[in-house]
Amino acid sequence: MTLLDPATWQDRIFTGQWRLGGAGSFPVREPATGAVLGSAGLADAGDVADAVAKAVAAQREWAAHPHTERAAVLLRAAAACTANSAEIGDWLVRESGSTRVKAGIELDGAAGECTQAAALASAPYGELLPAQRRLSLQRRVPAGVVAVISPFNFPLLLSVRSVAPALALGNAVIVKPDPRTAVCGGVVLARIFEEAGLPPGVLQVLPGGADAGAALVEHPRVPIVSFTGSTRAGRAIGARAGELLKRAHLELGGNSALIVCADADPAAAASCGAFGSFLHQGQICMATGRHLVHRSLYQRYVDLLAHKADALTVGDPFTTEAALGPIIDENQLAHVENLVSGSVAAGARLVAGGKADGPFYRPTVLADCHPGIPAYAEEVFGPVACVRPFDTLDEAAELAAETDYGLSLGVLTADPAAGLALADRIPSGLVHINDQTVNDDPAAPFGGVGASGAGRVGGARANLEAFTETQWVTVRTETARYPF
């Protein structure tokens, strides 16, 4: 039997065992062709309540496991991900519209997250505090049940980024993947950790709609919510979590800038810019939305970027070697088309692309952009690069900071020290000198500022803080006596 044999998961949710969901089932579709690949179970609010009850019970025993056993499960999960990479990769290509290159990046990242989390299980988790006549210490203890609400674009990686460290630290986890990628963002995780020997109930997977997500956020026994998705939805989750006095880690949208300084290599810069804007059809929160180019290189950069866009192939990534696959669904495709047509009407110069062919959208370059251009001012989540010139580094800093978002920033320059000094003036959660904006690493903290989110996951320190609670403990050699 293969890892993702439909006989195991078809029409089912996962609550430690595979069972029918309270809301029935729904078709799993291939965005490139519209073909139905299977049928996943759909959870309702009742399923969420049952899952939380199971998770609370399972978490106590899981947290009591020696850290070496928790680490061993994470390492086996990483091995299962790698051993089944061909099968998982096919699902990433077909269900999420990934190209083979993007699927490989995601698979490597998912295995890396599990390996990194395995090391987290044995990381120091406390410190001694100065005190008189008693031992005083602070330690990090498991929070309990963590809800992970994950998106469609990197469904496996952006689920396991929170799932793996939360499990390593002794929590139980309930995942609600986006229904559009219920297999890659949910079924794969359930099966990997089943293969790894994770005890039943510690990880549960509930594909569902907004009602299931709201039930997770509202449940009083779920103290932490890790959400990746749109800024609009993140604001609502953050507001409600604040009212309920629970933590929400929010990884939201972006409109990231790539600054091309006067001393940058134009050809190398255009390569960075194309990858940052067009990888996975631009459906990446870190995608390079705004290309800010010194006027001395501006036209050369626009020409090179347009040439790269025109040369990229677009098509079904499962049957061809296309560089770009499909947009995830018709609504998102319409959103991209409207932004591009509105931008041209507002004065942007269409240099490349700007066309759809079925579910596919050509990589697009818009020049002479400014804040009145919709695709320049907003997050597109499509393969669109907006280019604008600047004359001084002061102007570049102002333009880059001229957004509510603050996720990722790239600066291309022959003087890295000057690039870092420029970046210091621009609010951003991630900064990359001499690289484009789409970068990730399991050992590094990830997150943005402003409308790009709040909180950090990734890396030992950030994950320890994200998925545990701080507890103060004192110990005396004998019972204290008081004058009462």
Express in % the proportion of alpha carbon pairs of region 176-238 at distances exceeding 19 Å.
37 percent
So for region 59-196, Kirkwood radius off the Cα pairs, Stokes-Einstein at 37 °C and 0.692 mPa s: how many µm² s⁻¹?
209 µm²/s
Please report the carbon-and-sulfur percent of the accessible area for region 351-484; probe 1.4 Å, protein heavy atoms only, DNA, RNA and ligands left out.
52 percent
List every residue whose amide H lies under 5 Å from the amide H of Tyr361, counting only residues 5 or more places away in sequence or on a different chain, with H placed 1.01 Å from N in the peptide plane.
Ile327
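Under a Cβ-only charge scheme (Lys and Arg +1, Asp and Glu -1), can you give me the dipole magnitude of region 112-262 about the Cα centre, in debye to the nearest 20? Can you show the working numbers first?
On the way: 14 positive and 9 negative charges, 103 e Å.
About 500 debye.
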Tell me, what is the FRET efficiency for Glu469 and Leu128 to the nearest 0.05, using R0 = 22 angstrom and their Cβ-Cβ distance as r?
0.75
Given a 1.4 Å probe and every protein chain left where it sits, what share in percent of the accessible area of region 235-303 is carbon and sulfur?
60 percent
Where does helix 67-83 land angle-wise versus the long Cα axis of the chain, in degrees 0 to 90, nearest 10?
40 degrees
Where the accessible area of region 87-178 is counted over protein heavy atoms with a 1.4 Å probe, how much of it, in %, is carbon and sulfur?
54 percent
Please identify the cysteines of the chain that lack any partner cysteine with a Cβ under 4.7 Å from their own Cβ.
Cys81, Cys114, Cys184, Cys261, Cys272, Cys285
Two pseudo-spin positions, 7 Å from Cα along C-beta at Asp435 and at His370, lie apart in nanometres by 3.5 nm
Accessible-area ranking of Asp404, Asp441, Asp5, largest first, probe 1.4 Å
Asp404, Asp441, Asp5
Beta bridges by DSSP in the chain, antiparallel share as percent, to the nearest 5
45 percent
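Please compute the per residue accessible area over the chain with all protein chains in place, 1.4 Å probe, rounded to a whole number of Å².
Working: 19220 Å² over 484 residues.
Normalised by residue count, the accessible surface of the chain is 40 Å².
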Angle check, please: helix 298-311 long axis (alpha carbons) against the longest principal axis of the chain (alpha carbons), in degrees 0 to 90, nearest 10.
70 degrees
Exceeding 25 Å between C-alpha atoms, which entries from my cross-link table qualify? They are Lys308/Lys355; Lys54/Lys102; Lys102/Lys176.
Lys54/Lys102
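Work out, step by step, the length gained on full extension between Asp211 and Arg461: first 0.36 nm times the residue separation, then minus their alpha carbon distance; give nm to one decimal. Let's see the in-between values first.
Details: separation 250, 0.36 × 250 = 90.00 nm, distance 3.29 nm.
Stretched fully, the Asp211-Arg461 segment lengthens by 86.7 nm.
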What percent do you get for the relative contact order of the chain when only Cα pairs under 8 Å and 6+ apart count?
17 percent
A chain fully extended from Glu398 to Ala480 at 0.36 nm per residue, minus the present Cα-Cα distance, gains in nm 23.5 nm
Take the alpha carbon atoms of region 261-329, find their radius of gyration, then divide it by 2.2 N^0.38 Å using N residues; give the quotient.
1.22
For region 412-446 and region 229-278, compute the distance between their C-alpha centroids and round to whole Å.
13 Å
Mean Cβ count within 10 Å, highest first, over the residues of peptides 215-221, 95-101, 51-57:
95-101, 51-57, 215-221
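The values are calculated or read from the model by the stated rules, or taken from the named source; none is laboratory data. If you're wondering where the values come from, they're calculated on a predicted model, not measured in any experiment. Cβ: placed from backbone, ideal geometry, glycine included. Neighbour counts: every protein chain shown. All accessible areas refer to the heavy atoms of the entire protein, side chains included, with ligands and DNA or RNA removed. Shrake-Rupley method; radii C 1.70, N 1.55, O 1.52, S 1.80 Å.
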